[in-house]
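Everything on this sheet refers to the single structure shown next.
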Amino acid sequence: MIVSIARKEFSEIVRDGRFKWTAGMMALLLLTAMAAGCQKHSAYMDMQRLSQDRTNAQWLNQGNKNPHAGAHYGNYAFKPAGPLAFFDNGINHYAGNALFMEAHKQNFALGRPATDQSSIGRFGDLSGAMILQLLMPLLIIFLGFTAFAGERESGTLRQALSMGVSNRQLLWGKALGIGAVVALITGLCVAAGGLALSLTGLSMENESLGARVALMALSYSLYAGIFLFLTLAVSAWAKNVRTALMVLVGFWAFAAFLAPKAAVEISKAAHPTPAFGQWMADMRTHQMRGIDGVPPFARFQQESEALFAEYGAESVAELPVYVGALRLQKFEEYDFPVFEQHFGRLRDAYTRQRRLQDRLGIVAPTLPLRSLSMTLAGTDLIRHIQFADAAEAYRREMVATVNNYLGEAAASLNSGYGGGNVLIADEAVFAMVPPFEFAPQGLGKALSEHAGNFVALALWLAAALGLAIGAARRLKVDGD
Amino acid sequence: MKRIIISHETRQLFRSGAFRALLLLLAGAVAFAAWSGQRSIDRQIEGANAAAAFEDGHRNKMRADTEKYQARVAAEGGEYQFASARHGAGEGPPQGTNAGVVGSATAKYLRLPPTGLAPFSVGQSDIQLSYVPVSMNPAIHITRDNELENPVNLMTGSFDIAFVVIFLLPIFILAISYDLLSSEKERGTLAMVLAHPISLKALMVSKIAARAGVLFAAVLALGLAALLAVGDGLGSFDTWARFGLWAAATLLYALFWFALSVLVNVHGGNSAANGIALAGTWLALVVVVPTLAGLLATTLYPAPSRMELTTAARQAQTEAESAYMARLSEYYYDHLEFVPEGDERAMDFLTVAMANRNAIDKAVRPLHDEFQSQLNRQESLVRRFQFISPAIMMQLALNEISGTSADRYEHFLNQAFDFRDEWSDFFTVRFLRRAPLKPSDYDQFPTFEYQEEPFATVLTRLLPSLAGMLALLGGAILIPFAGLRRYPVATS
Amino acid sequence: MLQATKLKKSYGGTEALKGLDMTVEGGDIYCLLGANGAGKTTTISLFLNFIRPDGGTAAVGGLDVAEQPLETKKLLAYIPEQVMLYGNLTALENLRYFSRLGGRDYSQGEYRGFLRRAGLQDGAAGRRVKTYSKGMRQKVGLAVALAKQAKALLLDEPTAGLDPKASNEFSELLLKLKADGAAILMATHDLFRAKETGTRIGIMKEGRLVDELSAGEVSHADLEKIYLQHMHVGGRYA
């Protein structure tokens, strides 16, 4: 029974001229977005790899110079796009992809494509994810808002129910029919995109690609289910087709456009992002003052006796390491807690904002889906922070390596100001620092933040289902 | 006759609970947007104040040192001398006497002041810093820092008044006019009305006029309230002129959507079909076409790669550096603080460090300039894509009107680059002469005042967007009236 | 007052009217009988310029409807099968709106007078018409016609679905309007009512006027017989 209702629904939709238009447009857009996504993604990844190799080589070939000057020359970390960035580019346009790693300073990733785009870019990315998040719900609404209301107006509902079909069967049949149409359009296009990407030959080992794709499919199916059952619920409840359409389109506009922006503003108000000037002034003041109120120079003076004792020396002259290098490294280390505190403050703000936005998913299912989708694509904030952390760890190691080398190799300089015979490092010294490579943490780690989002989507689906069943039970056969 | 219908329609509108709810929603959205816009501007100003206070604090400290030093010289006798560059506190003249140190160790923050209407459209101001540091450091440092907003927030975009106007206002307009004729037809009142001496065209114009009148009065009142609440410079011509432009652009944009509603209604479909057609059109014009335009633009005219620039600039830097490195096998130019006191070469180190920076700047800057001009070329090509969507035109127009456009920002940066040369020359000359800075010299430091563009320039840049919208509006008005003759009042 | 000359109209190939000639003078109540799809509503729509004729003319008061639609509408009043009104306005407000559309405005008392003349109970005039029964809405429709002081009335099955009492009241009012000199064209299925109130009766079939009778000259039984004969075969005397 349900299957035959579904089949009738399916063929009715597919025969509708308007459907051919809508579905055609949707498929065209999806395919365009997928093709563009693949092309951009593989071009980006090529450039990222090329650039990382180049700067790694530049680090080695920076010329013979003092090892610490080498640390000032530094190196760059370029961010890989994320395994499914071709589908959902997430924050990549807004997060910076080049992080300069140098002595004394922790930097932000710079080079945000959004700053280099015209303001048209701010309308967003036409990506597969965007189409499924924003357009697919509208497609479902268009296909389904007449499901009950339309049949009621044309009188066929009365006819159908007189044949002994239960309301519940009618609901499931219609859900199945419309769901099949939507799955057909989106599934085919997304699969085509995936195929195209695999042809570009990008390797994505160690990124649990299978799990990502499966969870992505699950999340979007839940999302589609929410809109499907909400549409059927409203169609069954509404007095007429007009009301059903108004209510559904209104909800869609709210969930997909209004809610995300409102959630962002609310989260910014609840957990303000410090302004750059304020943040910079705070951190630099703190740096100069010292983490616990003792400025670096004074602190080094205070600690020098204990430090010398570690080396079994009583004076600078007896030190087995070059004091200048020791001081450089100590100063570097004095800054660590200051950086951690201030960069940490910023990340806390970002993370709290993200969590609040996720929690606001109870008013709009687009919010949790969006968040999940970015994480599964590897284009989210969590991964960006991982990248920045990896770069900072690398920077510290890089600077310590050259400083320590300078300390040991230039110990003779302690006996006096050495003038001309200061130490020069060559490629062999710089080669002690391994090339930078970003190894993202596993998917499980990132997903542990998202249990709430899965729950939110599941709750939405349950609520939509409940509403649909309730509305079908109280289905009125005649309109007003 | 039209007056009768307009007043009847207006009464009908206010009788409808849905319409009253929509008005309330619009008011709520504008209030929320004004609040958000205000917070964004406040944040910019706070950031600029803190950055400026930090750097000015440095300079003031240096000045205070020179004052003390001057007093000491006056008391003890002797000559007011120039200090060699180093960091630690010493017995000799303070660092504040060294123009090279003052000019390179402290920065001057230049501000792009927000216009009176800035909270209306955040534009790119959440990404680009509205305050930039200028020092003797290479010019590229001016644009090195970014605003620190959460990338997720940047991606989502601001809930500002521009968003309400561009995204939400059309929804409200379509919601009150999508069934302009179809509902009367479905209710049967259309035949009742048209049995009287009134033409369909007059009826429709009146119905639209009633809705547009009510809605526009509401938008104007809300805009005015927002301006009074969060706008700035309410006494200045500039602010009110910008508000006037805002109102005009919003009117044009709103009329376009009303015309679209008429266009669809004239087609004679039922309300549900009209609703679908209009919701689809909204999605297409406001969401799909702009993103498609962005995609086309970045595919046809891709922006040059920052990554490529970075590695190329680094190559140029290495080459420029190696010339100095060969001679100066030192690292002190990075660390003047370690130069032993009294070492005469300290003077040279700063000189060499400056020369080195200068050489790097000269080697790297052409790459950046080329990059920038490539970006500008791309931007001007991309701007042609605005004409395919009223939403893009409106966004560009509102950014322009609110003073958050890319062009105004570039105008500011050009002034900043010029000022950097002035600032740099001032200190370089004094440093190379080894002329000690006296406290009174601190009053002679170059000052910066942003020179606002002439209003005519703003208008000139607005013109394409407004003209484009006017053309679209014209098209949207003319087409439907041609179709009215065929409108089926009675169905067979 | 109302005159159709060789009036033709076709919808997508099927001819709904095949050259209709008819005249309704002031003081006439002309009842159009005919099966569904015979062209009754099309005729009325043509007089109202809701649709454009494919040939011939419809004239009101000597003016061609297609050429001077607004002038002719000043003379007309229209009452469809369902008088549709603005549900969230009161009867008075509806009446006032339509009357002003017709180019006339009255005092509040006069509007109440029209409603009373149309047979609406006094208490109902200030209520929103959402709550009205069909009969009450038809009365408001009549009041609109009264207020407009129309020279010609076009009625499209105005009494269909009304209970006998309401139907009777409606007919009484029509007779009063006729006495005032209005030309009334009424499409109906109700043979009894046509005979009772009509002065002349036209029978339409497949877009043609196949018979015209004077209501006073036929008995009710004859009328029914003639009508059925036309419907069954193809002509009165076939």
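Once amide H atoms are placed 1.01 Å from N in the peptide plane, what residues at a sequence separation of 5 or more from C:ASP211, or on another chain, have their amide H within under 5 Å of its amide H?
Sorted by chain and number, the residues that satisfy this are C:ILE203.
Which of the residues in the stretch B:1-24 lose at least 40 Å² of accessible area when you go from the chain alone to all protein chains together (probe 1.4 Å)?
B:ILE4, B:HIS8, B:ARG11, B:GLN12, B:ARG15
In the stretch C:83-153, if every C-alpha pair distance is counted and binned at 5 Å from zero, what percent goes to each bin?
With 5 Å bins starting at 0, P(r) equals 3, 20, 34, 27, 13, 3, 0.
Among the listed pairs C:LYS9/C:LYS73; A:LYS105/B:LYS108; A:LYS20/C:LYS8; A:LYS8/A:LYS476; A:LYS8/C:LYS8; B:LYS201/C:LYS6, which are separated by more than 31 Å between their Cα atoms?
Long pairs (Cα-Cα over 31 Å): A:LYS20/C:LYS8; A:LYS8/C:LYS8.
What percentages, rounded to whole numbers, describe P(r) for chain C computed over all alpha carbon pairs with 5 Å bin width beginning at zero?
Going from the shortest bin to the longest, the percentages are 1, 7, 14, 18, 19, 16, 12, 7, 4, 1, 0, 0.
Could you tell me which residue out of A:SER315, A:LEU475, A:GLY193 lies farthest along the dipole of the protein assembly as shown toward its positive end? Charges go on the beta carbon: Lys and Arg +1, Asp and Glu -1, centred on the Cα centre.
Checked the options; the winner is A:LEU475.
In Å², rounded to the nearest 100, what is the total accessible surface buried by chains B and A against each other with a 1.4 Å probe?
8800
Could you give the size of the charge dipole of the protein assembly as shown about its Cα centre, using +1 on the Cβ of each K and R and -1 on the Cβ of each D and E, expressed in debye and rounded to the nearest 20?
The calculation lands at about 6360 debye.
At 1.4 Å probe size, with every protein chain present, just tell me what the per residue accessible area of the protein assembly as shown comes to in Å².
It amounts to 40 Å² per residue over the protein assembly as shown.
Mind checking the dipole of the stretch C:83-153: about its Cα centre, +1 per Lys or Arg Cβ, -1 per Asp or Glu Cβ, Debye to the nearest 20?
160
Based only on Cα atoms, what mean projected area does the convex hull of the stretch B:406-465 have, in nm²?
That works out to 5.1 nm², a quarter of the Cα hull's surface.
Using a 1.4 Å probe on the protein chains only, how many percent of the accessible area of the stretch C:1-124 belongs to carbon and sulfur?
Answer for the stretch C:1-124: carbon and sulfur cover 45 percent of the accessible area.
Can you give the Kirkwood hydrodynamic radius of the stretch A:2-473 from its Cα pairs, in Å with one decimal?
It works out to 26.0 Å.
Ignoring ligands, DNA and RNA, what percent of the accessible area of chain A is carbon or sulfur (1.4 Å)?
Carbon plus sulfur share of accessible area: 61 percent.
Hey, got the average number of other protein chain Cβ atoms within 10 angstrom for residues in B:135-144?
Rounded to a whole number, the mean comes out at 1.
Quick one: helix A:209-237 against the long Cα principal axis of chain A, what's the angle to the nearest 10°, folded into 0 to 90?
40
Specify the longest stretch of chain A that does not include any exposed loop site, a site being one of the chymotrypsin sites (Phe, Trp or Tyr not before Pro) with a non-H, G, I, E, B DSSP assignment and at most 12 other Cβ atoms within 10 Å.
A:1-310
How many square angstrom of accessible surface are buried between B and C, both sides summed, with a 1.4 Å probe and rounding to 100?
2700
Out of the total accessible area of chain B (probe 1.4 Å, heavy atoms of protein only), what percent is carbon and sulfur?
60
Counting only protein heavy atoms, probe 1.4 Å: which residues of the stretch A:336-352 lose 40 Å² or more of accessible surface in the full assembly compared with their chain by itself?
Correct list: A:TYR350.
Which angle between 0 and 90 degrees, to the nearest 10, do you get for helix B:390-402 versus the longest principal axis of chain B when only C-alpha atoms count?
The two axes meet at around 50 degrees.
For the protein assembly as shown, state what percent of all Cα-Cα pairs lands in each successive 20 Å bin, counting from 0 Å until the bin that includes the largest distance.
10, 31, 28, 17, 9, 4, 1, 0
Determine the relative contact order of chain A: mean sequence separation of Cα pairs under 8 Å and six or more apart, normalised by residue count, in whole percent.
RCO, chain A: 28 percent.
With unit charges on the beta carbon (Lys/Arg positive, Asp/Glu negative), name the residue among A:VAL338, A:ILE131, A:THR146 whose Cα is farthest towards the positive pole of the charge dipole of the stretch A:2-473.
Farthest along the dipole direction, towards plus: A:THR146.
Residues of the stretch C:88-127 losing 30 Å² or more of accessible area relative to the isolated chain, 1.4 Å probe, heavy atoms only?
In the stretch C:88-127, residues shielded by partner chains: C:ASN88, C:LEU89, C:GLU93, C:TYR97, C:PHE98, C:ARG100, C:LEU101.
At q = 0.17 Å⁻¹, what log₁₀ I(q)/I(0) does a Debye calculation on the Cα points of the stretch B:147-249 give, no solvent, two decimals?
-0.92
Take every DSSP beta bridge whose two residues both sit in the protein assembly as shown, then give the antiparallel share in percent to the nearest 5.
Antiparallel bridges make up about 65 percent of those DSSP assigns within the protein assembly as shown.
Calculate how large, on average over all directions, the projected area of the Cα convex hull of the stretch B:203-255 is; give the answer in nm² to one decimal.
3.7
Working from Cα positions, state the angle (0 to 90°, nearest 10) between the long axis of helix A:323-359 and the longest principal axis of chain A.
10
Using alpha carbon coordinates only, what is the Rg to Rh ratio of chain B, with Rh defined as the Kirkwood radius?
With Rg and the Kirkwood Rh in hand, the quotient comes to 1.14.
The values are calculated or read from the model by the stated rules, or taken from the named source; none is laboratory data. The model shown is predicted, which means the values in this text are computed figures rather than measured ones. All Cβ positions, even for glycine, are placed from backbone atoms using ideal geometry, and neighbour counts span all protein chains on display. Each accessible area value is taken on the protein alone, full model and side chains, heavy atoms only, with ligands, DNA and RNA left out. Shrake-Rupley method; radii C 1.70, N 1.55, O 1.52, S 1.80 Å.
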